[in-house]
Amino acid sequence: IVDSVVAAYILNATLVVPRLDQRSYWKDASGFAEIFNVDRFISSLSRDVKIIKELPLKEGKPWIPRRMAVPRKCNERCYQTRVLPVLTKKQAIELRKFDYRLSNRLETDLQKLRCRVNYHALTFTDPILDMGKLLVERMRMKAKHFIALHLRFEPDMLAFTGCYYGGGDKERRELGKIRRRWKALHASNPEKMRRQGRCPLTPEEIGLMLRALGFGSDVHIYVASGEVYGGEETLAPLKALFPNFHSKETIATEAELAPFSSFSSRMAALDYIVCDESDVFVSNNNGNMVRMIAGRRRYFGHKPTIRPNAKKLYKLFMARNNMTWEEFATNVQAFQVGFMGAPKEVKPGRGEFHENPTSCICETKGTETIQKETQEEDHENDNNGRDTAEVNDEQDPIEEDLDWIEDDYSDNIKDLPDTDSNVLTKQEQPEVEELFSD
């Protein structure tokens, strides 16, 4: 949606309110206006792009636009040379399957337009906002501070990634059946996916990671999730580690959720609001929702987003029964350096723009001071031998994303030294109290 506005601006075209995919795995019949405040969307962008709710009639008949595909990561010149001639000739075009069809790297003014759309024009409907606010208030009544965990462990997610979690032939059969719906997917290699850090952490693994980072069993945790594969049996280890376990369904009544519960997108919007408002946001994956929330938390005043360094942690989880808890925790803390959501963890211009919107974030210090600090930080990073979270933001994601992007942080971070020679000081590793600070 954000990029469709920018594309219309580049083409100097009128934008028809985007139509949402209603045929995906989730089969959600919600339209744009049932999730987002459509009037605010149109009015707040009126100085940038003319937006209309639907195509007008053409000679008294419905106007059928020319459908066309756009290459991934298409930049401004690409739209002007490939799309504009077709628009000029046909007068109306429908750009289909629009995810990642606009380059991550654009001119600053276009990046700022992205921010105006994403953080100001695009807001949820009042019923969603009101219910989301109520969920946040109820979490605050339970605890002054809380963690929100975005837990992607639904059957479709596991099937799509091709990962294996030890469920034997039953798991292979069930997930294999779901996987066949994506005809373009290659044959899965679960062990390779795991080694490369491309498998979502299990609920137990993400719980162990949090405990190793210093979050105690008394911490309240809000879990944003769909149907977890394996149900309560899969969630049991996480609940044992964090007994103060909450979700939409536990802090709201069935009647309160009734207007939303039949629509996966509206339910996800409620989770989005609570995750955004949490003191610490944690994820077991590096998918689209995580990136969008991480960017929002950077844009509206920094709040940390913790992601697992899955490539490193994989080896650790495999060997955790052969080490003491102290050894395990020390290794987790070492491997998570650069993944704890520090304010300048991702350098300007690095990463997907939606998660690192540096072109739109104003600095309060003078330019010379910032440049000096950046040079000092770069020198320190070189001395320590660890560049933090530098990603190639033009890597292509998997064609059928399902909120799971192929390029992730772990593939592009230089390996940390062995933890035996890399025991962290308090200055290097944020304390839980700092993450929960006001």
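The values are calculated or read from the model by the stated rules, or taken from the named source; none is laboratory data. Please read all numbers here as calculations on a predicted model, not as lab measurements. Cβ: placed from backbone, ideal geometry, glycine included. Neighbour counts: every protein chain shown. We work out accessible area using only protein heavy atoms, side chains counted, and drop any ligands, DNA or RNA first. Shrake-Rupley method; radii C 1.70, N 1.55, O 1.52, S 1.80 Å.
A few remarks follow.
- Loop-resident sites, region 280-325, for trypsin sites (Lys or Arg not before Pro), counting at most 10 other Cβ within 10 Å (DSSP): none
- Given a 1.4 Å probe and the protein chains as shown, Val5 ends up with an accessible area of around 0 Å².
- Full-extension gain in nm, Leu57 to Arg40, via 0.36 nm per residue minus C-alpha separation: 3.7 nm
- Solvent-accessible surface ranking, highest first, for Trp63, Trp325 at 1.4 angstrom: Trp325, Trp63
- Exceeding the 21 Å Cα-Cα cut-off - candidates Lys239/Lys312; Lys61/Lys90; Lys27/Lys90: Lys239/Lys312; Lys27/Lys90
- The accessible area of Tyr9, taken with all protein chains in place and a 1.4 Å probe, comes to roughly 110 Å².
- For Ile64, solvent-accessible area (1.4 Å; no DNA, RNA or ligand), Å²: 140
- Kirkwood radius and radius of gyration were both taken over the C-alpha atoms of region 1-121, and their ratio Rg/Rh is 0.95.
- The alpha-carbon of Lys183 sits under 18 angstrom from the alpha-carbons of these lysines, leaving out residues fewer than 8 places away in its chain: Lys97.
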